[in-house]
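Trainee: Encoded as structure tokens, here's the structure I'll be asking about.
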Amino acid sequence: MATTRAPRYLLALGRWRRGVGVAPQSRALAALVPGVSQVDNKSDFLGKRPHRRHPGILQLPRVRLPQALADAAQFVLLERAMPSVEKQVQALTNYLWSRHLPVEPEELQRRAVHLEKKFRENPDLSQTEEKLRGAVLHALRKTTYHWQELSYNEGLSLVYMAARLDGGFAAVSRAFHEIQTQLPEFQPQTLMDFGSGTGSVTWAAHSIWGQSLREYMCVDSSAAMLDLAEKLLKGGSENGEPYVPGVFFRQFLPVSPKVQFNVVVSAFSLSELPSKADRAEVVQTLWRKTSDFLILVENGTKAGHCLLMEARDLVLQGKEKSPLDPRPGFVFAPCPHELPCPQLTASKPLACSFSQAYHPIPFSWNKKPKEEKFSMVILARGSAKEASRWPRITQPVLKRPRHVHCHLCCPDGHMQHAVVTARRHGRDLYRCARVSSWGDLLPVTMPSELPPSPAEGPPES
């Protein structure tokens, strides 16, 4: 198994190198483990590029909203003159960030049975059946997260815009940048945004692929959200010309199975669905609508990450084959493998998240630059050979004198804490690691014959 896997990585890397305009044979690939191999400093590893621009760099500079969007958002909020907007924005932000998944009925039933058994085994509690049921219900209410669906009316939609428009734009821009960097020749013509909200996905897609995109389908169950998104496109008025042409709004997903889109996006929307069954149905529908890329983005929390891994596994299992598009799915990013997520299977599960810096909309309370912490998964149709299989840096890189600590998600499906030095790994790899950031790829091959390294905690400084 290990011997058949290594050529696949090299094939994928060769394709990516051709995409960035450098011949595959002009680079040497390092093995990260000392004593296996080193970068040959005499070889043209970087293709005459500086180390700070090595082919694994994917981090975006600080993102700024298009000026037309920032101006429209400020105009709409000032026009409404809502009282205590700052407090409402902070309350909604805290609520969305702390949100957990809704408890499934089966899990609720299991907890009830466990509590009932516990109460019956207590000799000090001699209760009637009615009192026992009451005690179980009372205990369930105290220990169960009460998930509630948010109903976005006009007022709440405006608060959501003030709270999440800029951060959502930054996260989605980072996801789009992942595709654009690795496949610069990809020029989508159609895009569908499920749970489009205030339209940040449309603006981000237009900023990157505006020359090729001719149709944007925005789907949201809230009519107030759709009205607000359309108003923002028209500069804050209801009768102006839209800044982005070809945008269509609807409250329901297209019914026809023949309708597909080059890019399908669901940003911060799966967490709005009330059950696992509803999420599965939506993900399967979105995948049927996908002809190239399905991009899923959620909050960078354990709950958000679990949602994405649930959707990822559903697509990769491929139980539902579309007769119109039988091509299988694979993980394009961020995972360098299709195996179970090592972050969730570790003894102490962690969320696989990333961070994107951005300039917020300059409201009176929004003056300082911010960071958006998010989780994402990009699924694509076709063969996994089309994806990069370099290890992904999953935590901030710790730079120390003459060595660098990198936490990597590796193609073998395991986490590795690598300490990279120039002496052990070669000058080029050391410099590449030193200029890399959280979320970048480290341009190395992993020796498949070596046993996987267990996940380690952060080193002491």
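Trainee: Could you give me the ³J(HN,Hα) list for segment 326-336, computed from phi with Karplus coefficients 6.51, -1.76, 1.60 and θ = phi - 60°, whole Hz, x at Gly and Pro?
Mentor: x, 4, x, x, 9, 7, 7, 6, x, 5, x
Trainee: Efficiency by 1/(1 + (r/R0)^6): what FRET value for H417 and R49, r their Cβ-Cβ distance, R0 = 45 Å, to the nearest 0.05?
Mentor: E(calc), rounded to 0.05, equals 0.95.
Trainee: If R₀ is 22 angstrom, what is the calculated FRET efficiency for the pair L316 and A277, using the beta carbon separation as r and rounding to 0.05?
Mentor: The formula returns an efficiency of 0.70 here.
Trainee: With the crude spin-label approximation of a point 7 Å out along Cα→Cβ, what separation in nm comes out for V113 versus L324?
Mentor: The modelled label-to-label distance comes out at 4.2 nm.
Trainee: Quick check on packing: order 105-112, 65-72, 433-440 by the mean number of other C-beta atoms within 10 Å, highest mean leading.
Mentor: 433-440, 65-72, 105-112
Trainee: While we're looking at this one, here's another question. Multiply the residue separation of E230 and Q148 by 0.36 nm, subtract the distance between their alpha-carbon atoms, and state the gained length in nm to one decimal.
Mentor: Extending this stretch completely gives an extra 26.8 nm.
Trainee: Keeping all protein chains in place, calculate the accessible area per residue for segment 103-143 (probe 1.4 angstrom), answer in Å².
Mentor: 85
Trainee: Which peptide among 264-271, 49-56, 150-157, 390-397 comes first, and what is the full order, when sorted by highest mean count of other Cβ atoms within 10 Å?
Mentor: 264-271, 390-397, 49-56, 150-157
Trainee: Same structure, new question: What number comes out for accessible area per residue over segment 243-303 if the probe is 1.4 Å? Units Å², please.
Mentor: Result: 42 Å² of accessible area for each residue.
Trainee: While we're on this one: Between R64 and residues 5 or more places away or on another chain, which pairs have amide H atoms under 5 Å apart, with H built 1.01 Å from N, and which residues are they?
Mentor: Under 5 Å from the amide H of R64 lie the amide H atoms of H359, each far enough along the sequence or on another chain.
Trainee: I've got another one for you. To the nearest 20 debye, what is the magnitude of the charge dipole of segment 103-143 about its Cα centre, counting +1 on the Cβ of each Lys and Arg and -1 on the Cβ of each Asp and Glu?
Mentor: 120
Trainee: Check N299: other-chain or 5+ apart residues with amide H under 5 Å from its amide H, H built from backbone geometry?
Mentor: Long-range HN contacts for N299: S375.
Trainee: Right, next: Mind giving me the FRET efficiency for F248 and K399? R0 is 60 Å, r the Cβ-Cβ distance, nearest 0.05 is fine.
Mentor: Once the sixth-power term is evaluated, E becomes 0.80.
Trainee: Ok, one more. List every residue whose amide H lies under 5 Å from the amide H of F332, counting only residues 5 or more places away in sequence or on a different chain, with H placed 1.01 Å from N in the peptide plane.
Mentor: I378, L379, A380
The values are calculated or read from the model by the stated rules, or taken from the named source; none is laboratory data. Values in this document were obtained by computation on a predicted structure and should not be read as measured data. So basically every Cβ, Gly included, is an ideal-geometry build from the backbone, and we count neighbours across all protein chains shown. Just the protein is used for accessible areas: all its heavy atoms, side chains included, with ligands, DNA and RNA removed. Shrake-Rupley method; radii C 1.70, N 1.55, O 1.52, S 1.80 Å.
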